[in-house]
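The values are calculated or read from the model by the stated rules, or taken from the named source; none is laboratory data. Every value quoted in this text rests on a predicted model; they were computed, and no experiment measured them. A quick note on method: Cβ atoms are made from the backbone with ideal geometry, for glycine too, and the neighbour counts reach across all protein chains shown. To get the accessible areas, we keep the full protein, side chains included, count just its heavy atoms, and leave off ligands, DNA and RNA. Shrake-Rupley method; radii C 1.70, N 1.55, O 1.52, S 1.80 Å.
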Amino acid sequence: MIEVTTEITIHASIERCFDYARDIEVHTQTVWKHTKEQAIAGITTGRIGAGDTVTFQATHFGIRQKLKSRIVQFEAPFLFVDQMERGAFKSMRHEHHFRVCGEQMTCMRDTLRFQAPLGLLGWATERLILKRYMQAFLESRNRKLKVMLEQ
């Protein structure tokens, strides 16, 4: 199991940050363009909430794939957790944490835990490629989210 964490401070209210982070259209606007990520099933527009599912289709490493996640924990506006139900990983859990860290400032922390399939080959791929890739993916998305929220 690999864990990547990123934290960013955003000059916006906790409620606004929480709502933007769980908005499907905002998500597709803030991920890497070359992945062509789009929501194709479940909640495909608006804000995802407790118990909801979404299936994203995207291209990573030249391979088109689908990932279905469910919101398994929801404590507005402080936390929501999505967990993979189907997809390329053996397992994936993404925790989105929010806390007030100043007047009209929110600290947003993402913790992503994942495990690749394929035994020893997957273990090596996690450490050699996926950990850096997923860290960069989260950091890029959060920087774009910050820009949107601070406009």
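Below are the figures for this structure:
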item	result
Members of the range 111-128 found to be surrounded by fewer than 18 Cβ atoms within 10 Å (Cβ to Cβ) and touching a residue at least 40 places away in the same chain (Cβ under 8 Å), listed by number	T111, R113, Q115, R127
Members of the range 61-81 found to be open to solvent by 30 Å² or more (accessible area, probe 1.4 Å), without any contact (Cβ under 8 Å) to a residue 40 or more places away in the chain and either in contact with a Gly (Cβ under 6 Å, 6 or more places away or on another chain) or closer than 21 Å to V26 by Cβ (or both), listed by number	K66, L67, K68, R70, V72, Q73, F74, E75
Cβ-Cβ under 7 Å pairs, at least 6 apart or on other chains, the range 1-15 side touching a residue at least 60 places away in the same chain (Cβ under 8 Å), far side in a loop (DSSP other than H, G, I, E, B)	H11/Q104; A12/Q104; S13/Q104; I14/P77; E15/P77
Number of the condition not met by M92 [criteria: (1) under 19 Å from E139 (Cβ atoms); (2) in contact (Cβ under 8 Å) with a residue 60 or more places away in the chain; (3) open to solvent by less than 30 Å² (accessible area, probe 1.4 Å)]	(2)
Among (1) open to solvent by less than 70 Å² (accessible area, probe 1.4 Å); (2) within 22 Å of W32 (Cα to Cα); (3) assigned to a helix (DSSP H, G or I) - the single one R132 does not satisfy	(1)
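Residue-wise test of (1) closer than 17 Å to L145 by Cβ; (2) part of a strand (DSSP E or B).
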site	(1), (2)
T6	yes, yes
A12	yes, no
Y20	yes, no
Q65	no, yes
Q73	no, yes
D82	yes, yes
E85	no, yes
